[in-house]
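Q: Submitted below is the structure of interest, expressed as structure tokens.
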């Protein structure tokens with residue numbers, strides 16, 4: 001019988017995170033101070049001191065490999081190494097000569113890859129003597145992962161959850177509370193900025209930008225508290241490289257090497273964690289396509305511009321050079337809430353400019369159709385975000401059927417859809433619709449970019 | 001660093017199911033015909049021909065090991081072998097010298113052990129030329145597993161879902177539909193008995209008994225359709241023995257042997273599948289306790305009587321000798337919907353009468369408290385059903401702390417709680433309550449047992 005899963009032993013768990021920064025053919029553009037608009041030193045630290053020291057160092061590290069602390073490895077072992085599956089069922093359903101593999105990060109207790117970075121962020125905060133973490137969450141994937149990460153190290157955790165999601169997704173909220181964290185609807189009465197927004201508009205539905213601002217203010221206001229973030233920045237991609245490192249070992253077990261790799265991108269951390277360990281192969285001339293898949297409703301890399309912009313709405317975070325739709329752009333409410341971000345990981349944007357990775361965009365209904373094809377052939381219910389990668393992988397496999405090529409296709413299933421069944425219900429009952437690219441809104445948002453003298 | 005998971009290779013997947021029937025020190029009591037009240041031949045088949053032939057044979061088989069078909073093994077490999085975890089986090093939280101292990105069946109794509117039997121039931125139906133399966137579901141665990149099992153073999157599947165759950169648990173319903181099965185609220189207009197009940201009471205909330213009757217009628221009425229069932233009967237326990245067989249190999253890897261094993265019981269299939277491969281050790285004099293844990297609200301083994309009763313409400317199914325609270329007993333609406341059954345697997349009842357297994361009962365609030373302790377130490381959110389096993393395991397570990405004994409404790413995590421967060425929310429907000437044992441209702445129900453001349 002055919003092998004369907006490639007499972008590494010716990011002894012094969014990566015012992016180091018892979019840091020792509022020293023391997024880049026050109027260095028990343030510097031960060032720019034949000035106030036002075038002057039470039040910041042390339043060696044860091046990030047202003048203001050939101051993160052634990054160790055995290056701040058990792059953000060700018062020039063070491064190629066950074067050791068994963070024993071305590072973090074021990075917790076990773078609760079669910080890692082995660083399986084790599086050969087998708088025989090999907091191949092058969094598509095009648096394709098292509099070989100399809102997927103890495104399954106949905107097996108983490110929080111249900112996604114997010115826990116890979118939540119655990120070390122909590123570890124370093126604890127190690128440096130802090131008692132609390134503050135963070136934001138949109139749909140709740142990151143907030144639940146951070147709650148669990150904090151719990152493992154006995155830290156308090158406060159999650160500012162975008163109010164509209166807080167009300168729409170009570171089960172993600174209950175999950176956060178089950179793991180012992182506090183969660184409030186944002187804007188909240190608990191911060192200065194929250195109170196100010198509520199005074200202006202008591203019915204504000206909140207936004208990720210507001211929630212980030214509240215979490216940062218909370219961290220500034222409490223000496224015992226640090227801020228944590230779930231995507232975009234370098235250290236988060238660094239932590240996620242356990243994904244790609246495991247994949248490389250598992251593909252060896254399967255005696256395979258991909259022709260093309262697909263992953264969804266919001267802030268870019270799961271895709272980055274998957275593809276960065278492959279980037280030296282690519283730079284060495286390997287015939288390998290690395291494709292980021294984003295929603296048509298928020299097409300940062302395919303339709304945004306590469307420029308200097310704020311990472312957050314309030315302008316607390318540094319200005320970065322990246323693809324952006326404008327920091328004031330509010331994407332349409334697609335179910336793939338984790339992909340609704342105006343910007344993108346600076347590392348991924350840089351790799352795109354260098355021609356090392358590609359990007360494509362998909363419409364919502366087509367991604368759910370792909371997710372149902374996947375569920376009906378592989379049995380697993382995908383989150384709406386990785387459904388974008390599934391859609392792209394299915395298209396590629398169909399092209400292989402037409403051309404007769406037996407390509408090797410790999411995609412990342414970064415999370416399950418157990419808390420997204422309402423979206424499946426909409427799709428199955430024909431109520432799900434697409435959102436066109438909101439061109440005018442993006443134009444407006446791009447009109448208010450920060451002016452950076454160095455740009 | 002310490003090993004936390006014991007993972008078998010796919011090559012170590014059991015190749016046979018273990019059949020306890022020929023190893024029993026005394027044979028199981030015969031089944032009794034629901035109409036004539038006469039004993040049925042011990043060699044089967046089950047009247048009427050609800051099941052595929054192969055299943056009917058397995059129900060009465062005298063072979064100790066029954067080969068798992070290749071096609072079934074291939075699908076098992078999507079998630080099996082499932083992990084055995086050493087619960088270091090829980091041990092630390094309880095400050096106990098006990099070693100705690102748990103087998104994790106929540107990793108199946110349907111979220112529980114139920115898929116272990118759904119797959120072979122679909123396989124045999126397909127192999128014998130049938131096109132459809134009909135089944136019932138209460139809270140939806142079994143219905144979703146059967147939908148997925150049917151999907152793997154391209155069978156149609158119709159799930160009669162108890163109306164109150166159909167309305168309360170829309171996400172389990174969406175899961176069933178995502179896998180391509182049809183699901184209707186029961187009582188439905190689709191069957192004679194459904195229409196009869198709706199004519200009498202258009203607002204009937206339904207019951208598992210009614211849903212079973214509708215699914216059976218559907219199977220009788222369609223030549224291309226067989227009935228499938230998710231617990232209680234011998235062949236379901238047989239299929240679940242992959243659980244216990246894997247555990248034995250994994251405990252060898254861990255160089256451990258349990259002093260006590262806990263599992264929750266509703267119909268008894270997950271507990272049976274776990275402990276039957278240990279029963280010969282127990283009969284051989286091994287110092288090993290096998291403990292079934294049930295809800296105080298539906299305490300079949302701890303407060304029921306051992307007698308002849310119908311397995312279903314309508315009296316379609318054979319009369320069996322088992323512990324029962326009376327087939328007309330409707331248990332209180334505890335969140336552990338999978339444990340709300342008036343009877344119990346005849347094999348487990350027989351083993352209890354023979355003194356080979358024990359039973360205990362737990363209150364709802366205490367089981368959720370245990371589940372939260374587990375979530376906050378091991379990170380996994382348990383379903384309400386296995387929370388009963390967790391409660392018993394925690395009690396045992398605390399006794400070990402008090403006595404200083406370093407016992408080895410094993411329990412079964414038969415499913416995750418991703419669709420039960422509303423129940424966690426009730427617990428965390430202090431709204432969850434216990435249901436006392438409904439003694440008067442049970443007395444009433446026990447007054448209407450069938451009269452069986454052989455009894």
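Q: How many residues does the stretch A:364-383 contain that are facing chain B (nearest Cβ under 10 Å), farther than 21 Å from residue A:95 by Cβ and surrounded by fewer than 24 Cβ atoms within 10 Å (Cβ to Cβ)?
A: Total meeting the criteria: 0.
Q: May I ask you to say which residue of B:8, B:31, B:90 is in contact (Cβ under 8 Å) with a residue 24 or more places away in the chain and away from chain A (no Cβ under 13 Å)? Write out each step before concluding.
A: Numbers: B:8 fails: away from chain A (no Cβ under 13 Å); B:90 fails: away from chain A (no Cβ under 13 Å).
None of the others qualify; the one that does is B:31.
Q: Taking only the stretch B:352-395 into account, find how many residues are closer than 24 Å to residue A:144 by Cα and not in a helix (DSSP H, G or I).
A: Adding up the residues that qualify gives 8.
Q: Right, here's the next one. Could you count how many residues in the stretch B:13-52 are part of a helix (DSSP H, G or I), in contact with a helix residue (DSSP H, G or I) (Cβ under 9 Å, 6 or more places away or on another chain) and exposed (fewer than 15 other Cβ atoms within 10 Å of the Cβ)?
A: Count: 1.
Q: Report yes if residue B:389 is within 14 Å of chain A (Cβ to nearest Cβ), within 18 Å of the chain's Cα centre (by Cα), under 25 Å from residue A:75 (Cβ atoms) and at pLDDT 95 or above, otherwise no.
A: Details: within 14 Å of chain A (Cβ to nearest Cβ): no; within 18 Å of the chain's Cα centre (by Cα): yes; under 25 Å from residue A:75 (Cβ atoms): yes; at pLDDT 95 or above: yes.
No; evaluated as a whole, the condition is false for this residue.
Q: Please find, within the stretch A:288-326, the residue that is farthest from residue A:266 (Cα to Cα) out of those that are in a loop (DSSP other than H, G, I, E, B) and modelled with pLDDT of 90 or more.
A: If we filter the stretch A:288-326 for residues that are in a loop (DSSP other than H, G, I, E, B), which is where we start, we get A:288, A:296-299, A:304, A:311-318, A:325-326.
From the residues that got through so far, the ones that are modelled with pLDDT of 90 or more too are A:288, A:296-299, A:304, A:325-326.
Working: A:288: 22, A:296: 12, A:297: 12, A:298: 9, A:299: 9, A:304: 13, A:325: 12, A:326: 14 Å.
Ranking the qualifying residues of the stretch A:288-326, first place goes to A:288.
Q: Quick one: is residue A:242 modelled with pLDDT of 95 or more and part of a helix (DSSP H, G or I)? Spell out how you get there, then give the answer.
A: Values: modelled with pLDDT of 95 or more: yes; part of a helix (DSSP H, G or I): yes.
Yes.
Q: I would also like to ask the following. Return the total of residues in the stretch A:158-183 being away from every other protein chain (no Cβ under 14 Å) and surrounded by 20 or more Cβ atoms within 10 Å (Cβ to Cβ). Lay out the reasoning, then the answer.
A: Of all residues in the stretch A:158-183, those away from every other protein chain (no Cβ under 14 Å) come to A:158-165.
Next, only the ones that are surrounded by 20 or more Cβ atoms within 10 Å (Cβ to Cβ) stay: A:158-163, A:165.
So the answer is 7.
Q: So residue A:273 ticks every box in (1) in a helix (DSSP H, G or I); (2) more than 27 Å from residue A:168 (Cβ to Cβ); (3) in contact with a strand residue (DSSP E or B) (Cβ under 7 Å, 6 or more places away or on another chain) but one. Which box is left unticked?
A: Exception for residue A:273: condition (3).
Q: Then there's this: If you take the residues of the stretch A:418-455 that are within 14 Å of chain B (Cβ to nearest Cβ) and part of a helix (DSSP H, G or I), which of them is surrounded by the fewest Cβ atoms within 10 Å (Cβ to Cβ)?
A: As a first pass, look at the stretch A:418-455 and keep what is within 14 Å of chain B (Cβ to nearest Cβ): A:418-432.
Narrowing further to those that are part of a helix (DSSP H, G or I): A:421-428.
Values: A:421: 23, A:422: 14, A:423: 22, A:424: 25, A:425: 18, A:426: 17, A:427: 24, A:428: 16.
My answer is A:422.
Q: Looking at A:359, A:336, which is the one that is more than 14 Å from chain B (Cβ to nearest Cβ), in contact with a strand residue (DSSP E or B) (Cβ under 9 Å, 6 or more places away or on another chain) and modelled with pLDDT of 95 or more? First the steps, then the outcome.
A: Details: A:336 fails: modelled with pLDDT of 95 or more.
Just a single option satisfies the conditions, and that option is A:359.
Q: A follow-up question, please. For the condition surrounded by fewer than 24 Cβ atoms within 10 Å (Cβ to Cβ) and at pLDDT below 95, what is the one hit in A:213, A:207? Before you say what the answer is, go through the steps one by one.
A: Working: A:213 fails: surrounded by fewer than 24 Cβ atoms within 10 Å (Cβ to Cβ).
That would be A:207, the only listed residue that is surrounded by fewer than 24 Cβ atoms within 10 Å (Cβ to Cβ) and at pLDDT below 95.
Q: Of everything in the stretch B:65-86 that's more than 10 Å from chain A (Cβ to nearest Cβ) and touching a helix residue (DSSP H, G or I) at 6+ places or on another chain (Cβ under 9 Å), which residue is surrounded by the fewest Cβ atoms within 10 Å (Cβ to Cβ)?
A: B:69
Q: Now a separate question. So residue B:358 clears everything in (1) free of Cβ contacts under 8 Å to residues at least 24 places away in the same chain; (2) surrounded by fewer than 18 Cβ atoms within 10 Å (Cβ to Cβ) except one condition, right? Which one?
A: (1)
The values are calculated or read from the model by the stated rules, or taken from the named source; none is laboratory data. Just so you know, these numbers come straight off a predicted model, no measurement behind them. Neighbour counts are summed over all protein chains in view; Cβ atoms, including those assigned to glycine, are modelled from backbone coordinates with ideal geometry.
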